[in-house]
Amino acid sequence: MAKELTSRAENYSQWYNDLVIKADLAESSAVRGCMVIKPYGYAIWERMHDELDRMFKETGHVNAYFPLFIPKSFLSKEADHVEGFAKECAVVTHYRLKQNPNGPGVVVDPAAKLEEELIVRPTSETIIWSTYKNWIHSYRDLPILCNQWANVVRWEMRTRLFLRTAEFLWQEGHTAHATEAEAMAEAQKMLHVYADFAENFLGIPVIQGVKSANERFAGAVETFCIEALMQDGKALQAGTSHFLGQNFAKAFDVTFVNKENKQELVWATSWGVSTRLMGALIMSHSDDNGLVLPPNLAPYQVVIVPIYKNDEQFQAVDARIRPLVDQLKAAGLRVKYDNDDTKKPGWKFAEYELKGVPVRLALGAMDLEKGTIEVARRDTMTKESVPFDGVVGYVAGLMDTIQKNIFQKALDYRQSVTREVNSYEEFKVEIEKGGFLLCHWDGTPETEEKIKEETKATIRCIPFDGDKTPGKCMVTGKPSKQRVVFARAY
RNA sequence: CGGGGUUUGGCGCAGUUGGUAGCGCGCUACGUUCGGGACGUAGAGGUCGCAAGUUCGAAUCUUGUAACCCCGACCA
């Protein structure tokens, strides 16, 4: 791992790529823009999956699954939605191959052309709402609170491991409601679930807010988002929750009979987070020694490395460690005891640092004599020798300490690069330094577009919290209701 | 889709004016090691991205083509 790269923004992408590869998380696949998520990377994604799934269920949601293929006609029903996704769709046109009559290999059988092309889902609103039409007749059928864990495909021009792959894994919640207020509350509730997850599990501080019209999801009435800041000063949209109004109900003719026996269009939301969160995690906390995983998320919270010179010593050390593993597990910790004889301690130390395991315990003959054990923290890279008795409680306590420290470090960094900017001249200078800029904006798409063209900065969100003092737009001088968050983004 | 770069063993790379491929890491065996990615000795492993062409002879020169990476535009 090249040192000193974290502080050098121009090399950040190289550093990130190295990190992903060396920490054994993922690699490019043979298919353009796609990635292979390797076992350790997938273990991290599974942790995200498990915690999010639990949170969704705790908020009353259930899982379902809808088809990968979407008839082309479905996608054309909601005008804004088509507009937003048409340019990046993979299309299935045939359903059969045959032996190449003119040589080796196979060719697409022209006789097997589909009457209507199928789109590989870039998102599932259309196929789901065409299904919901059959599920919803009365107010008694509402609300529908479904989530789907799936893969989606967006044929992006430029891809990047975890942050923007052609195929990615995600969850997409799609809910249907009888009233506007209920749907709006749902969209906001799920945004809060995401924020809670990002901050308390991933250890990534996020700003919650509303997207400007330019950045809104195609087909949504309102898009809420959580915005995170990476260590190189660029912003990353970490999750979105959309209030879809009645747009999809209109497009797919989904109505219900209300309590007053009147036909009404259904209100909708959708919300999702993806394997992009892996990228957010990596770019938020990692250092030049590798990944730094917050304990609440880490597949292994504790790794134990035995140190010995011969089999006799190993037996003694092993006998001491085995009960400890059981005790740590009983205390609710995810533990890996690495007694692999083919790797040496020094190798293991470096390896688990690269993998970001929060706490490493090492125990050798020296410790047996002294009744101690070595405890090393990944977040601070510090080591200490502690009494063996009581180490379970000590390590359990460390989890919380480390979790908080990782979050606080990210928060401190974000605070240090978040500042108010009042003139456009100042903005042009400050945006080059990265970070979040809090500025007044007149609320028009035109002004936002001008800023984007001239500085590559976008409005990340109009934050819920923070200063609500009105002011004047830094570009046009027109009135502004509150400061909004600008940044350059991934 | 524009601009730049790369493609040689599992990985990272070198290869001069064309002469028939090498280094480091990793891998295998044995020994010494084992508290921060150990060391020694001996091995295995490559139709040089692909396809044509020039030449007595091509990793090297020419043309075509593909993939990947980086920077833009697009986007979660």
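The values are calculated or read from the model by the stated rules, or taken from the named source; none is laboratory data. Please read these numbers as outputs of a predicted model, since none were measured by experiment. Cβ: placed from backbone, ideal geometry, glycine included. Neighbour counts: every protein chain shown.
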- Residue satisfying all of: in region A:262-276; surrounded by fewer than 20 Cβ atoms within 10 Å (Cβ to Cβ) and assigned to a strand (DSSP E or B); nearest to RNA strand B (Cβ to nearest atom) among these: A:265
- Item | Close pairs from region A:264-278: first without any contact (Cβ under 8 Å) to a residue 24 or more places away in the chain, partner basic (Lys, Arg) and surrounded by fewer than 24 Cβ atoms within 10 Å (Cβ to Cβ), Cβ under 9 Å, at least 6 apart | A:265/A:250
- Task: Please give the strands (runs of 3 or more DSSP E) falling wholly within region A:106-169 in which 2 or more residues are at pLDDT below 95 and farther than 30 Å from residue A:14 by Cβ.
- Result: A:106-108, A:113-120
- Just to be sure, is residue A:52 in contact with a Ser or Thr (Cβ under 6 Å, 6 or more places away or on another chain), within 16 Å of RNA strand B (Cβ to nearest atom) and closer than 26 Å to residue A:190 by Cα? no
- Message: Among the residues that make up region A:125-135, is at least one of them exposed (fewer than 13 other Cβ atoms within 10 Å of the Cβ) and not assigned by TED's automatic domain parsing to the domain that holds residue A:229?
- Response: no
- Query: Could you say which residue among A:79, A:43 is in the same structural domain as residue A:222 (by TED's automatic domain parsing) and not polar (S, T, N, Q)?
  - Reply: A:43
- Message: Going by what's in this entry, would residue A:85 be described as away from RNA strand B (no atom under 14 Å from the Cβ), at negative phi and either at pLDDT 85 or above or in contact with a His (Cβ under 6 Å, 6 or more places away or on another chain) (or both)?
- Response: no
- Item | All positions within region A:87-107 that are within 24 Å of the chain's Cα centre (by Cα) and either surrounded by fewer than 16 Cβ atoms within 10 Å (Cβ to Cβ) or of a type in the set (Val, Ile, Thr) (or both) | A:87, A:88, A:90
- Note on the structure: Note: among A:114, A:97, A:19, just one is in the same structural domain as residue A:216 (by TED's automatic domain parsing) and either within 16 Å of RNA strand B (Cβ to nearest atom) or without any contact (Cβ under 8 Å) to a residue 40 or more places away in the chain (or both), namely A:19
- Has region A:468-482 got any residue that is surrounded by 14 or more Cβ atoms within 10 Å (Cβ to Cβ), within 30 Å of the chain's Cα centre (by Cα) and in contact (Cβ under 8 Å) with a residue 60 or more places away in the chain? no
- Mind checking which residues of region A:220-241 are more than 10 Å from RNA strand B (Cβ to nearest atom) and farther than 17 Å from residue A:437 by Cα? A:221, A:222, A:224, A:241
- Item | Residues of region A:172-198 satisfying the condition of being in contact with a helix residue (DSSP H, G or I) (Cβ under 9 Å, 6 or more places away or on another chain) and either surrounded by 20 or more Cβ atoms within 10 Å (Cβ to Cβ) or not assigned by TED's automatic domain parsing to the domain that holds residue A:279 (or both) | A:172, A:173, A:174, A:175, A:176, A:177, A:178, A:190, A:193, A:194, A:197, A:198
- Task: All but one of (1) away from RNA strand B (no atom under 14 Å from the Cβ); (2) under 30 Å from residue A:432 (Cβ atoms) hold for residue A:246, so report the exception by its number.
- Result: (2)
- If you check A:189, A:259, which single one turns out to be away from RNA strand B (no atom under 16 Å from the Cβ), among the basic types (Lys, Arg) and not in a helix (DSSP H, G or I)? A:259
- Tell me, yes or no, whether region A:422-440 has at least one residue that is of a type in the set (Val, Ile, Thr), at pLDDT 95 or above and within 30 Å of residue A:293 (Cα to Cα). no
- Message: For a quick check of your reading of the model, give me the residue pairs whose first member lies in region A:396-408 and is at pLDDT 95 or above, whose second is of a type in the set (Gly, Ala, Ser) and outside any helix (DSSP H, G or I), with beta-carbon atoms closer than 7 Å and at least 6 apart or on different chains.
- Response: A:396/A:331; A:403/A:203; A:406/A:203; A:407/A:203
- Among all residue pairs at least 6 apart or on different chains, which show Cβ distances below 9 Å where the first residue, located in region A:357-381, is at positive phi and the second is in a strand (DSSP E or B) and more than 8 Å from RNA strand B (Cβ to nearest atom)? A:371/A:387; A:381/A:287
- Would you pick out the residues in region A:30-46 that are surrounded by 19 or more Cβ atoms within 10 Å (Cβ to Cβ), within 15 Å of RNA strand B (Cβ to nearest atom) and either among the acidic types (Asp, Glu) or assigned to a helix (DSSP H, G or I) (or both)? A:41, A:45
- Inside region A:277-292, can you point out the residues that are surrounded by 22 or more Cβ atoms within 10 Å (Cβ to Cβ), within 14 Å of RNA strand B (Cβ to nearest atom) and not β-branched (Val, Ile, Thr)? A:277, A:278, A:279, A:280, A:281, A:283, A:286, A:290, A:291
